[in-house]
Each structure stands twice: as structure tokens, then as C-alpha cells.
Amino acid sequence: MTQQVGPWMTAGPALSGLSVLVLDGQASGASPRHGTLVELGWLVSRASDEHDAAPTTTLIALPEGERLPRAVTRITGISRDDLAAGLAEAEAFESLLAVARTLGTPTPTVIHYASFEMGFLRDLHARHHPEEAFAFEAVCTHQIARRLMPTLPRRGLRALAGYFGFPAELLRRSAGHVEATAHVWRHLVRELEGRGVTTWPRLLDWLAQTKAPTSKRIYPMARDKRLGLPDRPGIYKMLRQNGDVLYVGKATSLKKRVNSYFTKHKNVGERALEMLSQARDLAVEETATALEAALLEADAIKALEPPYNVHLKDEVRQIWFASRDLESLEKTPDDTHPIGPLPSRLAATSLRAIARAIGGDREPLVAARSLGTGLPFAPEPEVFSEGLARFTARWVPPLVPDPLRAVLGLSKHLWREVLAGRLVLDSDPDDEDRSWDPDRVARHLARGIVQGGQLLRRARWLCLLCDATIAWREPTSLDERRRLLEIASGNLRRSDYLEAGEALPGPKPRPRPAVLATFDVATYDRLRVVSTELKRVMGETGAAAVRVSSGAVLYGPRLASLLEAV
């Protein structure tokens, strides 16, 4: 029987040829009652076009007295200084309206999670153009996807864009969101037209008349991609349809680890579901042991920077080297900066500031640095002084001649106290919104000494490990031979098996300045992974030995104790 198509289904141009306004906004709060728009982005798109023009974006100045939450800056990278140069909201809204009017009123508008932006647009309209009809007639790509793709685990913008092969990086700014939404719209229109939803009026009617079904979660990756994986150690890469690497992971058993993603039905994190909504393919690489898989994973993540392993960061990581008194730091080691490698400046500056405070320095900047925070978030001077007094009364002997030496000596003692459960550090030490009290100050001081001392001990250990040979046996290995790993200049030079009776070879010694010059972020992380894996092996079997360039062989309780301390 031929379906009867009414005029309301065909009125206007085909959906694929319709010019729509694709829109995204970033705001300082969840609604106009709790915040204001800080950025708008838009572009005019047609689903039939292969590519869109670059989006237009504008920052919007904060109204007088409006605060930009730190969380917004952390997520988007937008700062208050950026917004100071932005347009007034009325001017930004006029720019958007000018584009909308070229498409006709009401303007067909496409937004992901449209209820968010529409709330702010209606608020702007009510305050700046109350005498006119509201200009935007919006559809929500999330709601369309819920009806078209009910089995997809997640239909957020990142998940949908990745499912349809949008490039891996999706910045949390309006330009990236607009481009991703346009990409999703292009693919959704093809699905819609295949179901007879061919015009804008028909789409509005279809959205009003259909409900999103409740369906069992079905992952896009074909089952045969994962069921035939080997039951061996290695790394796996989750791939998008276009070949982008989404995630790199390590496994003791590739078969068990990868399939665990798809067989777990409860307590699956949102981030994992978002990633699995995009993963269409797998690439795996086998290794002889789990330790080698961990090393391969670390290097692969550095090389590929998959979006679900690497988060956007406020600054590029850097290795640092400190002077002996911890007063100055440099990015490269020299005769006056031989202490390192350190993964951040905070390790040295916090320890030095605590030593200064114990020695009587009460400058506000010293107090802030000793607590690992900035001046705006530091406690009042009297609160800091009381907290410092409580800390020193418990842990520091009176009349200390060298506060820095005392702090460095105290670090290992406090670490043992933590391990024994006799010292409890702050459970949420980085919460800058919490108020300060003397006890919290004392806990922060202890935490700074524990963490700073651990990083200094780790630096010494990683310098030993930079040129070393390692022999170990995994608990799950069926091979009775020990595995051999040779590390030279921080890189894996050889992996093999030690035959029965074969001695652990000794690495070539190098001068300490040459060892220090070896370190960059990749080397630091690689050797830290080796340390973590050795600690695991020692905990499971105790069957590991490390020979360093001096010729000393570390094994048994001595190696276990050293690994525990770093």
C-alpha cells in the first residue's frame, strides 16, 4: 500500500538542502538565573555540503559584578582577562540575529542539548528585543539521536561526533562544538531522510509525535573484533571509524581485559561509555610480560595522545632541577642545579617554603607556597601561624639550627607514619573552596613534606634506574626463566630471557651530569612505570632484582623497601 504524504510533510526545501544555523554557547552557570553567556559560536550549514565554512565565535564581557567560576576557566580555558576584551552581550546578540535574519524568521536552528542555549537566548530576547517575535526555531541533535539511535550507549556531543568519525580532539569551546554539531547534523539528516523525514516541518512534527524508546545498550564494535583476542599480555588501542586512536590500554590478558568493557553492565563510568560509543575497531600488540606491556603503553600514549588517556591541561608538563638549597630551579641540570629530576616546581618550592616558615619567615607568599596554594586561597596569617605552631610542636624539635635539613629528615619519618596509619593527611587537599583552620594547615604542611620528600627520593631512584638491568618473573608466566630488561639512557635497549645460571649483566656507568641530562617528561614517566611494575611484581612474587651501574644488585626486602619509599 502506498503511503499518503500530506503537504505538511513536504512543505519547504528538502532537509539536506536546507540552510540551518548551527549554534553553541558557553556560560558561567547552568541557566540565566545562575550565570551569563560568556561565548557564542555559530555557522550556517547545509547537510548536503561536504564541508562547512569556519565558525564565527565571539567572547562576551561579564556584566558588572558577575563572577567567572574557576571551574569554567578550567574546563574551557576562558579567563576573566579574555572576557574583558569581549563584546557587550547586546552587541553579541545583535551579531547573531543579523545572521539568523538572513535565513528567515523563525530561523531553523540546530543545537546539541538545545534546552541549555535556548534558555539563554530567550533571556537575551526578553531583555533586548521584547517587542519582536523570538527568532530561533531549534531542534536538538541529542533528542534526534535518542530516537534514531536508542541502543548507542551515549549520545553526548563527543560520543556522537566520534561515532560519525569526527576528528579525535573536541575542545570545550564554542568553535569546536559548532563544528562537531554540524558534522553530527549532516549524518543525522541522512538517517532522517531514510525514514521519510525529509523537511523541517516534518522533522518538528516527528520530534513532537515520537518518543525515545528505552533499549538495551548495544556497542558499535563488532563482537568478532574482540572475541578472538589472545589470552596474553599486551596493549590494545580503541579506534574510531576513521582510524583515530581513542584510548590505549595495557592488559595481562588482552582477551579478558578488552572483553570486560563490553560484558560489564553495572557501574560503568560515563567516560568509558562515551568512549565505547565511538569505538568501532581494535589494534593490539602482544608482549612477553605485563611489565613490558605497561612500558609499551606509556610510550604509545606519549606518541599518540589519545583523547581518553590525555586530558587538556592548563600548562605543558616540564621536568625541573633544583639547587641544593632548593632556592632556585632550572629546566636543565647544571653544577648548581643537581637535584632532580622533579616532575613539577611545587616539590622543591613547597619544601623550601615550609623550612622558611619553621625558621620564622611569616611572609604571606611563604605561607601560601608552604601549603601548595596561591595567595588568594591562603589562610589568614593568624590561622597559618597557629597551624604551623601545632605542626612544629608535634614533629619538629625546638631550636632547629638548619630548618631545611630538619624538613628533609622529617619527610621519610612522616611517610612511615602515613604507611603505619598513625598520620592521616587531608582527604581532599586540593579543595580551594574549603575554609582554613589550624588543623587543616598542619595537615597540609605534613602532606607537603611527605610528597616533596617522596619526589626527591624518587628522583635519586630514577637516576639509578636510568642505566640498569632488571630480572624478574611474572606470577602468571608459564616460562620458568626470568625475563631480562636492559635500560640505557632511560630507554629500553633489550628485552630477553635469562637462561638458567646466567648472571644479570651490569649496565655501563655514566657520569651523573650525563644521567641528569637524559631526563625529559617521557623518560621520567617511562622509568616511573618500571618502578610501579617492579613494586607490583615484588608484592606478588618477590622475584625481581635490579642491577645498577655501580654494580650493586638490589633484591628482596631491600628492593621492596626502596620501592615502597619512592
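The values are calculated or read from the model by the stated rules, or taken from the named source; none is laboratory data. The structure presented is a predicted model; accordingly, all values stated were derived computationally and were not measured. Using ideal geometry, Cβ is built from the backbone for each residue, glycine included, and neighbour counts are taken over all protein chains shown. These accessible areas exclude ligands, DNA and RNA; they are computed on the full protein's heavy atoms, side chains included. Shrake-Rupley method; radii C 1.70, N 1.55, O 1.52, S 1.80 Å.
What the table below lists for this structure:
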{"quantity": "Filter result (hydrophobic (A, V, I, L, M, F, W, C), open to solvent by less than 60 Å² (accessible area, probe 1.4 Å), out of contact with any helix residue (DSSP H, G or I) (no Cβ under 9 Å at 6 or more places or on another chain) and within 15 Å of VAL38 (Cα to Cα)) within the range 61-110", "calculated": "ALA71, VAL72, LEU83, ALA88"}
{"quantity": "Any hit, the range 214-224, residues being assigned to a helix (DSSP H, G or I) and closer than 22 Å to ALA47 by Cβ", "calculated": "no"}
{"quantity": "The range 162-210 - residue that is of a type in the set (A, V, I, L, M, F, W, C) and part of a loop (DSSP other than H, G, I, E, B) and, of those, modelled with the highest pLDDT", "calculated": "VAL197"}
{"quantity": "TRP200 vs. criteria touching a Gly at 6+ places or on another chain (Cβ under 6 Å) and closer than 30 Å to THR109 by Cβ", "calculated": "yes"}
{"quantity": "Residue match in the range 265-276 (condition: assigned to a loop (DSSP other than H, G, I, E, B), in contact (Cβ under 8 Å) with a residue 40 or more places away in the chain and either hydroxyl-bearing (Ser, Thr, Tyr) or at positive phi (or both))", "calculated": "no"}
{"quantity": "Qualifying positions in the range 86-96 - within 16 Å of GLU64 (Cβ to Cβ) and touching a strand residue (DSSP E or B) at 6+ places or on another chain (Cβ under 8 Å)", "calculated": "GLY86, LEU87, ALA88, GLU89"}
{"quantity": "Failed item, numbered, when PRO376 is tested on (1) in contact with a helix residue (DSSP H, G or I) (Cβ under 8 Å, 6 or more places away or on another chain); (2) open to solvent by 10 Å² or more (accessible area, probe 1.4 Å); (3) under 30 Å from GLN318 (Cα atoms)", "calculated": "(1)"}
{"quantity": "Pairs, first open to solvent by 40 Å² or more (accessible area, probe 1.4 Å) in the range 529-556, second part of a helix (DSSP H, G or I) and small (Gly, Ala, Ser), C-beta under 9 Å, six or more apart", "calculated": "THR532/ALA294; LYS535/ALA560; ARG536/ALA290; ARG536/ALA294; GLY539/ALA560"}
{"quantity": "In the range 111-164, residue farthest from the chain's Cα centre (by Cα) [restricted to those that are under 19 Å from PRO55 (Cβ atoms) and open to solvent by 50 Å² or more (accessible area, probe 1.4 Å)]", "calculated": "PHE116"}
{"quantity": "Which numbered condition GLY409 misses (of (1) farther than 13 Å from LEU351 by Cβ; (2) small (Gly, Ala, Ser); (3) outside any loop (DSSP other than H, G, I, E, B))", "calculated": "(1)"}
{"quantity": "Residue list for the range 31-54, filter: in contact with an Asp or Glu (Cβ under 6 Å, 6 or more places away or on another chain) and either exposed (fewer than 12 other Cβ atoms within 10 Å of the Cβ) or not polar (S, T, N, Q) (or both)", "calculated": "PRO32, GLY41, LEU43"}
{"quantity": "Residue in the range 381-406 that is surrounded by the most Cβ atoms within 10 Å (Cβ to Cβ), counting only those that are part of a helix (DSSP H, G or I) and among the acidic types (Asp, Glu)", "calculated": "GLU386"}
{"quantity": "Leading residue by the ranking (most open to solvent (accessible area, probe 1.4 Å)) among those in the range 231-251 that are over 12 Å from ALA288 (Cα atoms) and assigned to a loop (DSSP other than H, G, I, E, B)", "calculated": "GLN241"}
{"quantity": "Count of residues meeting criterion [in a helix (DSSP H, G or I) and either open to solvent by 40 Å² or more (accessible area, probe 1.4 Å) or under 20 Å from LYS225 (Cβ atoms) (or both)] in the range 278-312", "calculated": "8"}
{"quantity": "Qualifying residue in the range 203-216 (condition: in contact with a Ser or Thr (Cβ under 9 Å, 6 or more places away or on another chain) and within 15 Å of CYS140 (Cα to Cα))", "calculated": "no"}
{"quantity": "Residue selected from the range 219-230 under the condition farther than 23 Å from ALA294 by Cα and surrounded by 11 or more Cβ atoms within 10 Å (Cβ to Cβ), by the criterion farthest from the chain's Cα centre (by Cα)", "calculated": "ALA222"}
{"quantity": "Evaluation of SER477 against (1) of a type in the set (Gly, Ala, Ser); (2) open to solvent by less than 30 Å² (accessible area, probe 1.4 Å); (3) in contact (Cβ under 8 Å) with a residue 60 or more places away in the chain (one fails), failing number", "calculated": "(2)"}
{"quantity": "Residue list for the range 49-81, restricted to those being polar (S, T, N, Q), under 23 Å from LEU97 (Cβ atoms) and without any contact (Cβ under 8 Å) to a residue 40 or more places away in the chain", "calculated": "THR58"}
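One line per residue, one yes/no per condition, for (1) open to solvent by 40 Å² or more (accessible area, probe 1.4 Å); (2) among the β-branched types (Val, Ile, Thr); (3) without any contact (Cβ under 8 Å) to a residue 40 or more places away in the chain:
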site: ALA420; (1), (2), (3): yes, no, yes
site: GLN451; (1), (2), (3): yes, no, no
site: LEU455; (1), (2), (3): no, no, no
site: CYS466; (1), (2), (3): no, no, no
site: ARG483; (1), (2), (3): no, no, no
site: SER495; (1), (2), (3): yes, no, no
site: ALA500; (1), (2), (3): yes, no, yes
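Every residue, every condition in (1) in a loop (DSSP other than H, G, I, E, B); (2) modelled with pLDDT of 85 or more; (3) of a type in the set (Val, Ile, Thr), yes or no:
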residue	(1), (2), (3)
MET9	no, no, no
LEU21	no, yes, no
HIS34	yes, yes, no
TRP42	no, yes, no
SER48	yes, yes, no
THR58	no, yes, yes
THR73	no, yes, yes
LEU83	no, yes, no
